[in-house]
Amino acid sequence: MRKPIIAGNWKMNKTRDEALQFIYAVNQAVPSIEEVDTVICGQSVLLRCLVKRQGDNLRIGAQNMHYEEKGAFTGEVSPLILNDTGVNYVIIGHSERREYFNETDEMVNKKVHSAFKYDLTPIVCVGEKLEQRENNTTNQVVEAQISKALAGLTEAQAKEVVIAYEPIWAIGTGKTATSEMANETCGYIRSVVSKIFGKNVGEAVRIQYGGSVKPSNIKELMAQEHIDGALIGGASLEIEAFIEMTNFNK
Ligand code: 13P
């Protein structure tokens, strides 16, 4: 059985006051960590403030990091500092990072290795553009992204990775992939992981869907065989919506 993982990606949103208000309202209302992993990924300057108030059942993640521990990389965030701050997760290779900040599969792979070195669980994002979906190349696109992102991991590490399948055309657009479509691609991703690391790893790895997830569609998405969680942007900013989505199985 794979434990569900519901993560909010706040992106570049929320002031410190808004983050405080959110975390106090939410940290007692999310499900037990025994049942569901619940994660909030905030801007890096907010992470300490969030970790201090995460409570027993919520965990905090970063939205990006550099792969080096330290050095002359002005403006970057070190994995060592994330670990020191008490962060447990880090999103790697989000499509917005790939598109606006030129992140390559090679950088994604370095960051994934670095995350393990500093005890951070990587949430690795993959997903196709609209024209790739229309050209029927979705499977090739996600297969290439997955095999490059996870290259060189041990089986034990590959089992721990969280993969987020986020079709780019569904992000922030209100267009959700149908649950069948999302399940089909998540199932394909699982088969790719099985092919590389063996069936045990493929069966164990957790795969999230992301792209316009909201309270009205999360139950149906989570009911799909290969969808083990959600990576939620816009709807994760609202207290009530977030609480409702983390309690999708109640
Ligand atoms: P939305 O939920 O706003 O579509 O964003 C999805 C996303 O990019 C999460 O990482």
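The values are calculated or read from the model by the stated rules, or taken from the named source; none is laboratory data. As the structure is a prediction and not an experimental result, all values here were calculated from the model. So basically every Cβ, Gly included, is an ideal-geometry build from the backbone, and we count neighbours across all protein chains shown. Side chains are part of the model used for accessible areas, which takes the heavy atoms of the whole protein and leaves out ligands, DNA and RNA. Shrake-Rupley method; radii C 1.70, N 1.55, O 1.52, S 1.80 Å.
Treating only the Cβ atoms of Lys and Arg (+1) and Asp and Glu (-1) as charged, compute the dipole magnitude of the chain about its Cα centre; round to the nearest 20 debye.
280 debye
Using the structure shown, select from K70/K111; K3/K111; K11/K52; K52/K111; K3/K129 the pairs with a Cα to Cα distance greater than 18 angstrom.
In this structure, K3/K111; K11/K52; K52/K111; K3/K129 exceed 18 Å between Cα atoms.
Which is farthest toward the positive dipole end of the chain among N88, G187, A241, measuring Cα position about the Cα centre, with Cβ charges +1 (Lys, Arg) and -1 (Asp, Glu)?
N88
How much length is gained on full extension from D84 to T173, taking 0.36 nm per residue of separation minus their Cα-Cα distance?
28.5 nm
Can you send over the carbon and sulfur percentage of the accessible area for the chain, probe radius 1.4 Å, protein chains only?
C and S fraction of accessible area: 48 percent.
In the chain, which whole DSSP H runs stretch at least 24 Å along their own axis (Cα) and average -1.0 or higher on the Kyte-Doolittle scale?
TM-like helix candidates: 179-197.
Taking the highest mean first, how do the peptides 185-195, 99-109 order by number of other beta carbon atoms within 10 angstrom per residue?
Working: 185-195: 19.4, 99-109: 14.5.
Sorting 185-195, 99-109 by mean packing, highest first, produces 185-195, 99-109.
Grab the other residues whose beta carbon is less than 14 angstrom from that of A230, score K and R as +1, D and E as -1, and report the net.
0
Which whole-number value in Å² is the accessible area per residue of the chain, probe 1.4 Å?
45 Å²
Show that you can apply the helix-only estimate: for the chain, add -39,500 (n - 2.57) for every DSSP H stretch of four or more residues, divide by all residues, and state [θ] at 222 nm to the nearest 500.
-11500 deg cm²/dmol
Between V141, A115, T176, whose Cα lies farthest towards the positive end of the dipole of region 108-197 when Lys and Arg beta carbons carry +1 and Asp and Glu beta carbons carry -1, centred on the Cα centre?
The residue sitting most towards the positive pole is A115.
If R0 is 35 Å, what FRET efficiency do you get for E203 and Y100 from their C-beta distance, rounded to 0.05? Numbers along the way, then the final one.
Details: r = 35 Å, r/R0 = 1.00.
Using R0 = 35 Å, I get an efficiency of 0.50.
If I model a spin label at E225 and Q28 as a point 7 Å from the Cα along the Cα→Cβ vector, what separation in nanometres do I get?
Roughly 4.2 nm, to one decimal.
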